[in-house]
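J.: Okay, here's the structure, questions in a sec.
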Amino acid sequence: MLNITRISVPTPYTVGPVNSYLIKNRPFTLVDPGPDTDEAKKALVKGLYSFGVSLAEIDRVVITHSHTDHSGLARWIGDAAGAAVYVHKLEVRKLQPDYDYYQERMPFFKEAGMPESLLTEIMDDKDPVAKPLLPSSNVIEVSGGESLEFEGGALEILHLPGHSGGHVCLYDRQGGRFLSGDFILAHITPNPVMEADHSDFSSRIPALAQYLEGLDRLKAIDLSVILPGHGNIIEKCPETVLKAQKHHFMRLENICSVLAGGSLSVYQVMRVLYPSISGFKAYLGISEVFAHLDLLVDMNRVTRVKVSGVSFYSVVD
């Protein structure tokens, strides 16, 4: 049986602390170590010590996805402990020094019909934490379907995109425990983040479609408990999955209602739904609207017409 323990690691973000999980079976493995801040390092080392493990004893680090609050300390641990860092192959390029997060999304900002003032506002809303990077060596790329073996058990790696294109979760089949990263949380519904398709950077990944497919996969898995990347442990697993599905189904209907009044751009829809958000939150709002509209277009419930590079959407009669 796997001995999985939780360490709360502080972040400077409104989402609050990240849950880092130590699997205290050989080889010792840490899932989502937290952001690269001095406060996070101290909390992580203290948490490990409380479970009788030193940083130097960590053999493996698993990153569920590349977002700063989850992946930031992977390089530090890799260098300090010589730990192997496991990450999905689609997340690797995002954790390189030359990766420009917003530049990759610039065509989508234009397509959304965003005013220049909002784009400047988003670009000026800087991340308070340094960009996360992978170690220079001992990085192991995964695709999903692999198994991490331990003394006393195993964790299956599941590729469940939507919140991020290379998001992975870990499943302890023997104990029915599911380490979900940001795929599913108790208190909020993860944002289907706008991202370029790695095979065609002019196109977006179908983030919401991927996410809903992942929720269907999760319903078919025998779960006793979900260990999320933020917030409390989830014991009501089927209810939480259903809640996430209902949230997005309702949002699809809300957006159709907004479009009932006429043809609108992504930015205009976002402003109806979120009239006062700004900075990075506005970027997340644009991401969410794009994800839902992309799915509505695929469902033939909404049509899309481009005018001078800006997409306008209308409800199908």
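J.: Does segment 208-222 contain any residue that is surrounded by 14 or more Cβ atoms within 10 Å (Cβ to Cβ), in a loop (DSSP other than H, G, I, E, B) and touching a His at 6+ places or on another chain (Cβ under 6 Å)?
T.: Checked against the condition, which is being surrounded by 14 or more Cβ atoms within 10 Å (Cβ to Cβ), in a loop (DSSP other than H, G, I, E, B) and touching a His at 6+ places or on another chain (Cβ under 6 Å), segment 208-222 yields no hits at all.
J.: Taking the residues in segment 270-317 that are in contact with a Ser or Thr (Cβ under 9 Å, 6 or more places away or on another chain) and of a type in the set (Gly, Ala, Ser) as candidates, determine which candidate is surrounded by the fewest Cβ atoms within 10 Å (Cβ to Cβ).
T.: The selected residue is Ser314.
J.: Here's another thing I want to ask about it. When the residues of segment 138-157 are narrowed to those that are in a loop (DSSP other than H, G, I, E, B) and in contact (Cβ under 8 Å) with a residue 24 or more places away in the chain, which ends up surrounded by the fewest Cβ atoms within 10 Å (Cβ to Cβ)? Break it down stepwise before answering.
T.: So the first thing to find is which residues in segment 138-157 are in a loop (DSSP other than H, G, I, E, B), and the list is 138, 143-146, 151-152.
Retained after the next criterion (residues that are in contact (Cβ under 8 Å) with a residue 24 or more places away in the chain): 138, 143-144, 151-152.
Values: Asn138: 14, Ser143: 12, Gly144: 16, Glu151: 8, Gly152: 13.
If we take residues in segment 138-157 being in a loop (DSSP other than H, G, I, E, B) and in contact (Cβ under 8 Å) with a residue 24 or more places away in the chain, then Glu151 is surrounded by the fewest Cβ atoms within 10 Å (Cβ to Cβ).
J.: Between a first residue in segment 36-47 that is within 14 Å of Tyr21 (Cα to Cα) and a second residue that is in a helix (DSSP H, G or I), which pairs have beta carbons less than 7 Å apart while being 6 or more apart in sequence or on different chains?
T.: Qualifying pairs under 7 Å: Val45/Leu55.
J.: Does segment 6-25 contain any residue that is part of a helix (DSSP H, G or I) and either farther than 24 Å from Ile286 by Cβ or not acidic (Asp, Glu) (or both)?
T.: Pass one, segment 6-25, residues part of a helix (DSSP H, G or I): none.
No, every residue in segment 6-25 fails to be part of a helix (DSSP H, G or I) and either farther than 24 Å from Ile286 by Cβ or not acidic (Asp, Glu) (or both).
J.: If you don't mind, another one. Would a scan of segment 158-170 turn up a residue that is modelled with pLDDT of 95 or more, over 21 Å from Ile226 (Cβ atoms), surrounded by 16 or more Cβ atoms within 10 Å (Cβ to Cβ) and not β-branched (Val, Ile, Thr)? I'd like the intermediate steps shown before the answer.
T.: We begin by selecting, within segment 158-170, every residue modelled with pLDDT of 95 or more; these are 158-170.
Next, only the ones that are over 21 Å from Ile226 (Cβ atoms) stay: 165.
Still in the running and surrounded by 16 or more Cβ atoms within 10 Å (Cβ to Cβ): 165.
Retained after the next criterion (residues that are not β-branched (Val, Ile, Thr)): 165.
Yes, segment 158-170 contains a residue that is modelled with pLDDT of 95 or more, over 21 Å from Ile226 (Cβ atoms), surrounded by 16 or more Cβ atoms within 10 Å (Cβ to Cβ) and not β-branched (Val, Ile, Thr).
J.: Follow-up. Scanning segment 54-75 for residues that are among the aliphatic types (A, V, I, L, M) and surrounded by fewer than 24 Cβ atoms within 10 Å (Cβ to Cβ), which turns out farthest from Leu30 (Cα to Cα)?
T.: Here is the first cut: in segment 54-75, the ones among the aliphatic types (A, V, I, L, M) are 55-56, 58, 61-63, 73-74.
Adding the requirement that they be surrounded by fewer than 24 Cβ atoms within 10 Å (Cβ to Cβ) leaves 55-56, 58.
Values: Leu55: 10, Ala56: 12, Ile58: 7 Å.
Here the answer is Ala56.
The values are calculated or read from the model by the stated rules, or taken from the named source; none is laboratory data. The model shown is predicted, which means the values in this text are computed figures rather than measured ones. All Cβ positions, even for glycine, are placed from backbone atoms using ideal geometry, and neighbour counts span all protein chains on display.
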